[in-house]
1. Determine whether Asp116 is under 21 Å from the mean Cα position of the chain (by Cα) and of a type in the set (D, E, K, R).
2. Quick check on my filter: what residues within segment 110-146 are out of contact with any strand residue (DSSP E or B) (no Cβ under 8 Å at 6 or more places or on another chain) and of a type in the set (Val, Ile, Thr)?
3. Answer with yes or no whether Gly109 is closer than 27 Å to Asp38 by Cα, in contact (Cβ under 8 Å) with a residue 24 or more places away in the chain, not in a strand (DSSP E or B) and not hydrophobic (A, V, I, L, M, F, W, C).
4. Would you confirm whether or not segment 170-186 contains a residue that is part of a loop (DSSP other than H, G, I, E, B) and either surrounded by fewer than 16 Cβ atoms within 10 Å (Cβ to Cβ) or out of contact with any Ser or Thr (no Cβ under 7 Å at 6 or more places or on another chain) (or both)?
5. Just name the residue that is nearest to the chain's Cα centre (by Cα) out of those in segment 15-44 that are outside any loop (DSSP other than H, G, I, E, B) and among the aliphatic types (A, V, I, L, M).
6. Tyr90 is checked against (1) part of a helix (DSSP H, G or I); (2) over 22 Å from Asp184 (Cβ atoms); (3) in contact with a Leu (Cβ under 9 Å, 6 or more places away or on another chain) and fails just one. What number does that condition carry?
7. Only one of Val140, Val174, Val164 is within 18 Å of Tyr90 (Cβ to Cβ) and out of contact with any helix residue (DSSP H, G or I) (no Cβ under 7 Å at 6 or more places or on another chain). Can you tell me which?
8. Being surrounded by fewer than 18 Cβ atoms within 10 Å (Cβ to Cβ), touching a residue at least 24 places away in the same chain (Cβ under 8 Å) and of a type in the set (D, E, K, R) narrows it down to one residue among Glu41, Glu65; which is it?
Amino acid sequence: MFVLASSSPRRAMLLSEWGFKPEVIEVNVDETLPPGCDPYEGVGILAARKALAGLKFWQESGGNEADVVIGADTMVVLERQALGKPKTPYEAELMLESLSGREHLVLTGLALARGDGETVVAVAETKVRFRPLSHDEIRVYVESGEPLDKAGAYGIQGGARKFVESYHGSLSNVIGLPMELLSDKLKAWGIDQTV
């Protein structure tokens, strides 16, 4: 059994598109990180917290020791500073203005945990460049409401795809789950897309 410890509909969608049939559970974890924590380390820490919390919940609910639980955390990073989810439309506008005409990184920490104690954590990186954005474009996009639940205030699979000039790396990583990396890690455990 394959279990996704995430309430993200985008992650569930990606898994389905790749042929996985996961159980989906929601876990709440402390997302605070140590002061000065490097973004690469941070996404790995948060992904591991989610996977282990999901594993604990799943086993307490009667899950099998061989079941694999995945946790993931995505950060948008501009000049080594993580841009979280905007709390207000104004904050979303500021984030998008900071990304306008510039390259940034999208990092996703991926953690797999199994009841036998085996855990693996990896990080995927994609470079994304936005074309220069006008104030009106940003305002219209923010008014759509889409940016408010997304790291860096945008979703590449939605209205912000027209902002992207180029990207290098995994597109699914930018959406929220690096499927190529996940597939490789699962294959190393003998699990394929029919699970």
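FYI, it's all coordinate maths here, none of it is from the lab. No experiment lies behind these values; they were computed from the predicted model shown. All Cβ positions, even for glycine, are placed from backbone atoms using ideal geometry, and neighbour counts span all protein chains on display.
1. no
2. Scanning segment 110-146 gives Ile138, Val140, Val142.
3. no
4. Checking segment 170-186: not a single residue is part of a loop (DSSP other than H, G, I, E, B) and either surrounded by fewer than 16 Cβ atoms within 10 Å (Cβ to Cβ) or out of contact with any Ser or Thr (no Cβ under 7 Å at 6 or more places or on another chain) (or both).
5. Per the criteria, the residue is Val43.
6. (3)
7. Residue meeting the stated conditions: Val140.
8. Just a single option satisfies the conditions, and that option is Glu65.
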